[in-house]
Each structure stands twice: as structure tokens, then as C-alpha cells.
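Input: a single structure, listed below in C-alpha cells.
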Amino acid sequence: MMNLEERIKAFSQLGHFFSDEITDDFAEKLKDAEIKNPWFTEENTKAAIGAWAKLLTSENLNAWLSPYHLTDSLKPKNVLIIMAGNIPLVGFHDFLSVLISGNRAVIKLSSEDKTLLPFIIDKLIDIAPEPEDKIA
């Protein structure tokens, strides 16, 4: 089980991935997302990714979490997240909140957005395989 510091590190590395040049496989997912949901224009999706790239730093995550006094000794709870599909990555904050707090995310993807979040989850698992058992 990852401790809070390891979870922060994993998400900050995901932020680095977001801030890097978009890879071919990521660009393909962006195009696929736009085909499936015309509201997910490349411009809007890149704006959402860019915003998360700026937010997902160790400093920002630590500042956000410091008032909550999270402990790693708590028994993880299953938290259902019903994702909206009207804005690119609109449910990412819920996903982040559940995982960073040490709980298990049970996700119901929007029929309008079944591309971006699964791709991002795969990237997070590439960075740190342990969250895989925390996502359903």
C-alpha cells in the first residue's frame, strides 16, 4: 500500500507527463475523444490537461492536503465516482481526491467520455503500479 508521500509523488509525476510534449499515443486518444464527443475539442482538452499539469506538483498537492491530516492507517473505503462527460477531465478532481486520500475509486465512466480517463489511469499505473488495485 502506497503511503501519502508516494501517492503525491505519483500524481506529481503524472503532472510532469501532462506538461511534456504530447506523445503520439496521447494525441491519438485526444482525437478519439473528440470523435466520440464533439465538445472535447483538441483545444479544450489541451487546456484541461495544461491546467492539471500546473496543479499536479508536489508543492501544490502538499499545500492542498496539509489541512486534512491524512493518515495511512485508515481502512480504505470504496468511493463511487459517477463521471460527467460534458467537459474534458471534469471528473479528474474526484478521481484524484479519492486516490490521494488512500481510498479506492469505483468509477462509472460517462458514455460521452470513455477515452481520456482510462488512458490517464493507465499512465498513472505505468508511473506507480500500486494504484491499480485501488481503481475499479
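The values are calculated or read from the model by the stated rules, or taken from the named source; none is laboratory data. Note that the coordinates shown come from a computational prediction; the quantities given were computed from them, not determined experimentally. Glycine gets a Cβ as well: all are built from the backbone with ideal geometry, and neighbour counts include every protein chain shown. Just so you know, the surface numbers come from the protein's heavy atoms only, side chains and all, with ligands and any DNA or RNA stripped out. Shrake-Rupley method; radii C 1.70, N 1.55, O 1.52, S 1.80 Å.
Is it the case that segment 21-38 has a residue that's within 26 Å of PRO129 (Cβ to Cβ), assigned to a helix (DSSP H, G or I) and at pLDDT 95 or above? Scanning segment 21-38, I find no residue that is within 26 Å of PRO129 (Cβ to Cβ), assigned to a helix (DSSP H, G or I) and at pLDDT 95 or above, so the answer is no. For residues in segment 125-136 being closer than 15 Å to GLU5 by Cα and in a helix (DSSP H, G or I), which is most open to solvent (accessible area, probe 1.4 Å)? The selected residue is GLU130. Considering segment 24-45, the residues that are open to solvent by less than 50 Å² (accessible area, probe 1.4 Å) and of a type in the set (Val, Ile, Thr) include one that is nearest to ILE87 (Cα to Cα), namely THR45.
Going by the conditions given, is LEU89 closer than 29 Å to GLU42 by Cα and assigned to a loop (DSSP other than H, G, I, E, B)?
Spelling it out, LEU89 is indeed closer than 29 Å to GLU42 by Cα and assigned to a loop (DSSP other than H, G, I, E, B).
Being of a type in the set (Gly, Ala, Ser), buried (at least 16 other Cβ atoms within 10 Å of the Cβ), closer than 20 Å to ALA136 by Cα and touching a helix residue (DSSP H, G or I) at 6+ places or on another chain (Cβ under 9 Å) is the requirement here; does ALA48 meet it?
Working: of a type in the set (Gly, Ala, Ser): yes; buried (at least 16 other Cβ atoms within 10 Å of the Cβ): yes; closer than 20 Å to ALA136 by Cα: no; touching a helix residue (DSSP H, G or I) at 6+ places or on another chain (Cβ under 9 Å): yes.
So ALA48 does not fit the description; no.
Report whether or not LYS114 is closer than 19 Å to ILE135 by Cβ, part of a loop (DSSP other than H, G, I, E, B) and open to solvent by 30 Å² or more (accessible area, probe 1.4 Å).
Numbers: closer than 19 Å to ILE135 by Cβ: yes; part of a loop (DSSP other than H, G, I, E, B): yes; open to solvent by 30 Å² or more (accessible area, probe 1.4 Å): yes.
Spelling it out, LYS114 is indeed closer than 19 Å to ILE135 by Cβ, part of a loop (DSSP other than H, G, I, E, B) and open to solvent by 30 Å² or more (accessible area, probe 1.4 Å).
So how many residues does segment 44-86 have that are outside any loop (DSSP other than H, G, I, E, B) and within 24 Å of ALA33 (Cβ to Cβ)?
From segment 44-86, those outside any loop (DSSP other than H, G, I, E, B) are 44-55, 58-68, 78-82; that's our starting set.
When the remaining residues are screened for being within 24 Å of ALA33 (Cβ to Cβ), the result is 44-55, 80-82.
Looking only at that region, the number is 15.
Picking from residues in segment 81-101 that are touching a residue at least 40 places away in the same chain (Cβ under 8 Å) and not β-branched (Val, Ile, Thr), the one that is farthest from GLU112 (Cα to Cα) is LEU99.
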